[in-house]
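The structure appears right after this line, and notes come after that.
The values are calculated or read from the model by the stated rules, or taken from the named source; none is laboratory data. Here the structure is a predicted model, which is why all the values come from computation and not from measurement. Reconstructed Cβ throughout: ideal geometry from the backbone, glycine too, with neighbour counts over all protein chains shown. Note: areas computed on protein heavy atoms with side chains; ligands, DNA, RNA excluded. Shrake-Rupley method; radii C 1.70, N 1.55, O 1.52, S 1.80 Å.
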Amino acid sequence: MHDDNLDSDNPNNKVDISALPFSQACENNKQPILEVLQSELQGSNHVLEIGSGTGQHSVYFAPHLSHLKWQTSDVTGNHRHIIAWHNAYPAPNLYAPLAFDLSTDSVPVNSQFNLPYDVIFTANTLHIISWALVERLFALASDALPVDGKLIVYGPFNEDGKYTSEGNQRFDAMLRAGNPDSGIRDKEDVVSLANAHYLQLSKTYVMPANNQLLVFRKN
C-alpha cells in the first residue's frame, strides 16, 4: 500500500507494509529534504536524528547517504514503529533507535561507535514540543556537536512574527488547540536561541508546503 516509491531493493521483505505506521507528511517531504541533505552532508560521517517518529525518513535517507552512519532516536514508545520500518527496509548504515526523551535525557550515544555526531537532524519537532524543550534541544545539540558540526531543522516557521501562509495559520491554531505549549515558532526567535548556543544560521532552504529547512553550524 505504502511501498510503491520507497525505493526498496529488499527481496526478502516479509513485512506487511500496509500495517506499518504511516505519515503522509514524511512521504510528501522526504525527497525535497533528501536533496538538501545530499548537498549539506557530503563531508559528514555520523548523523543523529532526533524524533525519528514512524521511521520513514530514516529508511529513505540512509540508503541515499551511504557514506555516513544514520542513528535514529525517539521516546521508547515510538521504537516499535521505527524498528518495523527498519525491518522492512534495512540498510547497512541505518541504526536502531536509541531512547531519547528530550525532557530528561542527555544526547544518546550508540556504544558500538567511538564516533561523535557531526550532524544532528530533526524534522517537524519544534512546533510540536514546548518552547522550553526547543531551548533544551538547542543546548544539547550545541554541547554534542564539534566546531563546524551542523544542526539541521525542518518544519514550518513564521517570518517577522507573521504566518507565511493561511495554511500555516490554520495548522498553528490546530496545534495550540490541542496543546497550548506547541505552535509554529518565529524564525527570528529560533535563530536568536541558536546564536546563544554558538550555532549560527548558515543557510535557509525554502521547501514545499510552506516549510523551511534551516542549517545551523557550530562556531
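Here are the numbers:
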| item | result |
| --- | --- |
| About the Cα centre, charge dipole magnitude for the chain (Lys/Arg +1, Asp/Glu -1 at Cβ), debye | 200 |
| Rounded to 5, percent antiparallel among DSSP beta bridges of the chain | 45 |
| Per DSSP, loop GluC sites (Glu not before Pro) in the range 12-89 with at most 13 further Cβ within 10 Å | none |
| For the range 53-155: accessible area per residue (Å², 1.4 Å) | 39 |
| Near-label residues of the range 95-124 by backbone N, under 13 Å of a point 7 Å along Cα→Cβ of Asp181 | 102-104 |
| Percent accessible area from carbon and sulfur atoms, the chain, protein chains only, probe 1.4 Å | 49 |
| Residue-wise HN-Hα coupling along the range 140-153, computed from phi with Karplus coefficients 6.51, -1.76, 1.60 (Hz; x: Gly, Pro) | 5, 4, 4, 5, 7, 7, x, 4, 6, x, 10, 10, 10, 10 |
| Size of electric dipole in the range 112-181: Cβ of Lys, Arg +1 and of Asp, Glu -1, about Cα centre, debye, nearest 20 | 180 |
| Estimated [θ] at 222 nm from DSSP helical runs (n ≥ 4, -39500 (n - 2.57)) normalised by residues in the chain, nearest 500 | -10500 deg cm²/dmol |
| Net lengthening on full extension, Thr104/Leu34 (0.36 nm per residue, minus Cα-Cα) | 22.2 nm |
| FRET efficiency estimate (nearest 0.05) - Cβ-Cβ, Ser111 to Thr204, R0 35 angstrom | 0.45 |
| Amide H partners (placed H, <5 Å) of Val119, local residues excluded | His46, Leu48, Lys150 |
| In Å², nearest 10: area of Ile128 left accessible to a 1.4 Å probe | 80 |
| Total lysine pairs whose alpha carbons fall under 14 Å of each other in the chain (8 or more apart, or interchain) | 5 |
